[in-house]
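Peer 1: This is the structure I want to talk about, given as structure tokens.
The values are calculated or read from the model by the stated rules, or taken from the named source; none is laboratory data. What you see is a predicted model, and the numbers here were worked out from it, not measured in a lab. Don't worry about glycine lacking a Cβ; one is built from the backbone with ideal geometry, like all the others, and counts go over all protein chains shown.
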Amino acid sequence: MNQEDLKKATELIDQSSSFGILLPEQPDFDTLAAAEALISSIATSQKVAGLLSPAVLPAHTDKIVFPKLAAPTPLLKEFIISVDTSHAPISQLRYEKADDLNRIDIILTPKLLPLDAAQVSFREGTIKCDCLIAIGVPNIEHLSNMADFPPDFFTENKLINIDIGDANMRYGEANIVDASRASRSELVWQMFSNPSDPANRPSADIGTLLLAGILSATQKLTAPHTTADTFAAVSELIRIGARHADAQKLAGLPASPELQRGEPVDRAYQQGDKQNQSTPLGLAQLCARASVRSKYDEENDILWSFLTSEDFTKTNRTPDDIPTVLDSIRLTLPQSRITALLWQEPGNAQENHSADLIRILLVGDRRILDAIGSKEETTLYGQHGGILLTASFPSFREAEDHVHALIRTAL
């Protein structure tokens, strides 16, 4: 995604007061979530945003999920007073405003014959809109309701184009289009996640909706097109207060096993400020780094996450935070048979013989963990019943190979 386009889109939103939202005929949940979040973010007492194309909401959603889309704000239209002058031409038109009556009188002076009410009619004119935002529309010319607008409507108004996929024609004045992104909700989050302007970041509720869009588009982060950027966006959204369990419900997805059992899956939220459910910035950054350094082994159903000694140093955190990092991983990343968290002990190797060595924490299938524990020296670790291998390794590769060998033996 071009940063100039991102900057241009932000400028257009700041400069505009009336927004028309364009959606495809059959938008998916991700597109609807992106649209709802965008409308909720920009619609204020000074700005109004409404739909220009009808939105078909999924069957499992209601006004609670998409209140703005379910009951869209109508955009203002010109009001035209039309006078038939074919039989009774007029010689003068003027208007007068009476300050004490809050009324405008439009006065027509007939030229030859008298006028009557039958010659006057009323109709709606052009929609008053100074910025269009298309979400998930590859080609604007293919919209089914194109005929409802005047020919120059899409050329005279500024247009922001938000989409993923190579099929998009990049027809906007600002094109927030990135084929490498997994969801349109990611792109909307990118538009409102300016580090230099944290005051304009979305609320926790909007963040939850964007998270729901991402989870829906990526099948709870298990789809092949899920990327490191997706994991990073999820971590950032949770850091601003997005609620993972609520997001899954909004998207109509089954809850994670921990949530179904009622287990606490995010220690950071439990111990954090109950008012804003926030975590220390360094800890949130450490969790985000673990998410970005993650991969899913589909063949063996293993979720791998890695932390280097530099990750601890850069975030000013320590391995004491590993339980919280594990909670974050299990909350935000795909559920798997085994979750393997590998980290590099920080410190000065001359002072600490364990520094720079790789430690392994395994959580998941109890049968596999018990089998590993019967053959390998381990200790129980954390509330999830994980096991910490006593042995440490000089490299991530050797540690990973060792885990593979243990699991093969256990199976």
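Peer 1: Which count do you get for residues in segment 111-137 that are surrounded by 13 or more Cβ atoms within 10 Å (Cβ to Cβ) and over 23 Å from Ile42 (Cα atoms)?
Peer 2: Of the residues in segment 111-137, 3 are surrounded by 13 or more Cβ atoms within 10 Å (Cβ to Cβ) and over 23 Å from Ile42 (Cα atoms).
Peer 1: Same structure, new question: Out of the residues in segment 286-300 that are assigned to a helix (DSSP H, G or I) and of a type outside the set (A, V, I, L, M, F, W, C), state the one that is modelled with the highest pLDDT. Spell out the reasoning first.
Peer 2: Going residue by residue through segment 286-300, those that are assigned to a helix (DSSP H, G or I) are 286-292.
Then keep just the ones that are of a type outside the set (A, V, I, L, M, F, W, C); that gives 289, 291.
Details: Arg289: 86, Ser291: 83.
Of everything passing the filter in segment 286-300, Arg289 is modelled with the highest pLDDT.
Peer 1: Here is a follow-up. Say we look at segment 57-104 and pick out the residues that are hydroxyl-bearing (Ser, Thr, Tyr) and under 30 Å from Ala251 (Cβ atoms); which of these is surrounded by the most Cβ atoms within 10 Å (Cβ to Cβ)?
Peer 2: Step by step, filter segment 57-104, then rank; the result is Thr61.
Peer 1: Something else: Would you point out which residue out of Leu51, Leu12, Leu23 is modelled with pLDDT of 90 or more, under 18 Å from the mean Cα position of the chain (by Cα) and crowded, with 17+ Cβ neighbours inside 10 Å?
Peer 2: So the residue among Leu51, Leu12, Leu23 that is modelled with pLDDT of 90 or more, under 18 Å from the mean Cα position of the chain (by Cα) and crowded, with 17+ Cβ neighbours inside 10 Å is Leu23.
Peer 1: Could you look through segment 78-88, keep only residues that are of a type outside the set (Val, Ile, Thr) and modelled with pLDDT of 90 or more, and pick out the one that is farthest from Lys47 (Cα to Cα)?
Peer 2: For segment 78-88, the residue satisfying everything is Ser86.
Peer 1: Which residues, taken from segment 61-80, are within 17 Å of Ala35 (Cβ to Cβ) and either in the same structural domain as Val120 (by TED's automatic domain parsing) or part of a loop (DSSP other than H, G, I, E, B) (or both)?
Peer 2: Thr61, Asp62, Lys63, Ile64, Val65, Phe66, Ala71, Pro72, Thr73, Pro74, Leu75
Peer 1: Condition first: more than 21 Å from Leu211 (Cβ to Cβ) and without any contact (Cβ under 8 Å) to a residue 40 or more places away in the chain. Can you find one or more residues in segment 29-41 that meet it?
Peer 2: First, the residues of segment 29-41 that are more than 21 Å from Leu211 (Cβ to Cβ): none.
The answer is no; no qualifying residue exists.
Peer 1: Give me the strands (runs of 3 or more DSSP E) completely within segment 81-184, filtered to those with at least 1 residues that are under 26 Å from the mean Cα position of the chain (by Cα) and touching a residue at least 12 places away in the same chain (Cβ under 8 Å), ordered by residue number.
Peer 2: In segment 81-184, 131-135, 158-163, 174-177 are the strands (runs of 3 or more DSSP E) which contain 1 or more residues that are under 26 Å from the mean Cα position of the chain (by Cα) and touching a residue at least 12 places away in the same chain (Cβ under 8 Å).
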